[in-house]
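Worksheet: one structure, shown below.
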Amino acid sequence: MYVSPRVYVRLYEGAGVLEVTISEFAGGLVEGLLTRRKVKFPKRSHLTLAQENQLTQLAGGVNNLNQLARAANRDGYAVAALEVEKVCDELRGLLSKMARL
């Protein structure tokens, strides 16, 4: 959906005040207009941007590990062993970084 730069700035500022994404904010506004009810926005945790990025990386690494487990069950454990070790090392590094924050 296209919005003018002026409207985008207002959406951006409103989302920032409520600590939600612009999509969540705009969706809440539309829902409120359609249902004529007050919309409650989800509470956001107060993580720093670095913490959010690290959690995203951690989730990706865990997803990779899960895919490797499926491949190991399908193709044999010897095939996946080196890749599993590599992903586990990456996850250890991420967890160490997160522990220091």
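Computing percent of Cα pairs over 20 Å apart directly from the structure and comparing it against (i) 60; (ii) 53; (iii) 35 singles out (i). Axis angle, to the nearest 10 degrees, between helix 77-100 and the longest C-alpha principal axis of the chain: 50 degrees.
Rounded to 0.05, the FRET efficiency of the VAL30 and GLU52 pair, given R0 = 35 Å and the Cβ-Cβ distance, is 0.85. Summary of packing: across the peptides 24-31, 8-15, the per-residue average of other C-beta atoms within 10 Å ranks them, highest first, as 24-31, 8-15. Relative to the longest principal axis of the Cα atoms of the chain, the long axis of helix 22-35 lies at roughly 50 degrees.
Bear in mind that the values in this text are calculations on the coordinates, not laboratory data. Computed from a prediction, not measured in an experiment: that's the story for all the values here. Glycine also receives a Cβ, built like all others from the backbone with ideal geometry; neighbour counts cover every protein chain displayed.
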